[in-house]
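Reviewing the structure listed below.
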């Protein structure tokens, strides 16, 4: 008869290997396995793209803020384009389409 420790040293690794062979494919193919991982990868790529676009937009806004702070013509341009302001000496003509 073999001692219990020797039996445990031989049987336990084989039992763990059999359990892994049985459960790993199930875990990979289940809805929470590989399909979920692929979905998360796509979401991560989408978020990285969105983050990049937002970083570009922030850079553009910082450049515009710098221009408005340092260039009086930029302030005038912004007032005319965004607020529709005109000088007192200007005459506005409106035409119907």
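Results, tabulated for the structure shown:
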{"item": "Cβ-Cβ FRET estimate between residue 50 and residue 74, R0 fixed at 25 Å, reported to 0.05", "result": "0.30"}
{"item": "Computed helical MRE - 222 nm, the chain, DSSP H runs ≥ 4 contributing -39500 (n - 2.57), nearest 500", "result": "-27500 deg cm²/dmol"}
{"item": "Label-point separation, residue 23 to residue 37 (7 Å along Cα→Cβ), nm", "result": "1.7"}
{"item": "Quotient of Cα Rg and 2.2 N^0.38 Å for the chain, N being how many residues it contains", "result": "2.72"}
{"item": "Using alpha-carbon coordinates, inclination of helix 72-83 to the longest axis of the chain, degrees", "result": "80"}
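Bear in mind these aren't lab numbers, they're just calculated from the coordinates by the rules spelled out. What you are looking at is a predicted structure, and each value in this text was computed from that prediction instead of being measured. Cβ: placed from backbone, ideal geometry, glycine included. Neighbour counts: every protein chain shown.
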